[in-house]
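The values are calculated or read from the model by the stated rules, or taken from the named source; none is laboratory data. Here the structure is a predicted model, which means the values were calculated and not measured. When we count neighbours, we look across all protein chains shown, and the Cβ atoms used for this are built from the backbone with ideal geometry, even at glycine. Ligands, DNA and RNA are stripped out before the accessible areas are found, and what is left, the full protein with its side chains, is counted by its heavy atoms. Shrake-Rupley method; radii C 1.70, N 1.55, O 1.52, S 1.80 Å.
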Amino acid sequence: MALSVKIMLCFAAAMSSTLIVRFALRGKRYLWFKRTQSSIINQRGMLGQYLSLGYPVTRKGLYVTLGLILAIALECLAIIYLIPDQLS
């Protein structure tokens with residue numbers, strides 16, 4: 001499997017994990033995270049503004065962020081090392 005395919009799989013896994021966490025949090029997102037509004041530097045549309053978690057402002061938010069980073073790292077490592085490079 002080509003490296004570009006593995007990179008795309010890593011991106012898809014990271015996006016799906018982020019979406020799952022975003023929807024699992026529901027109302028807790030507003031308690032544990034703070035979001036910045038779009039500016040010239042970080043332009044986001046309505047969908048991006050809705051889906052973004054933001055940055056953690058509480059200890060629980062920090063734990064969620066660290067857990068999400070760990071999950072994404074493990075997913076990417078599994079994709080990179082467990083999927084063979086060439087299928088025979």
Taking region 13-37 and the residues there that are open to solvent by 50 Å² or more (accessible area, probe 1.4 Å) and part of a loop (DSSP other than H, G, I, E, B), the one that is nearest to LEU74 (Cα to Cα) would be ARG26
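Could you list, in sequence order, all residues of region 32-71 that are at pLDDT below 75 and over 18 Å from LEU19 (Cα atoms)? Lay out the reasoning, then the answer.
Residues of region 32-71 that are at pLDDT below 75, as a first pass: 38-44.
Within region 32-71, SER38, SER39, ILE40, ILE41, ASN42, GLN43 meet the criteria.
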With respect to LEU68, is the statement that it is assigned to a helix (DSSP H, G or I) and open to solvent by 80 Å² or more (accessible area, probe 1.4 Å) true? no
Any residue in region 4-19 that's on the phi < 0 side of the Ramachandran plot: show its pairings with residues that are surrounded by 12 or more Cβ atoms within 10 Å (Cβ to Cβ) and acidic (Asp, Glu) at Cβ separation under 8 Å, as long as the two are six or more apart or on different chains. CYS10/GLU75; ALA13/GLU75; ALA14/GLU75; SER17/GLU75
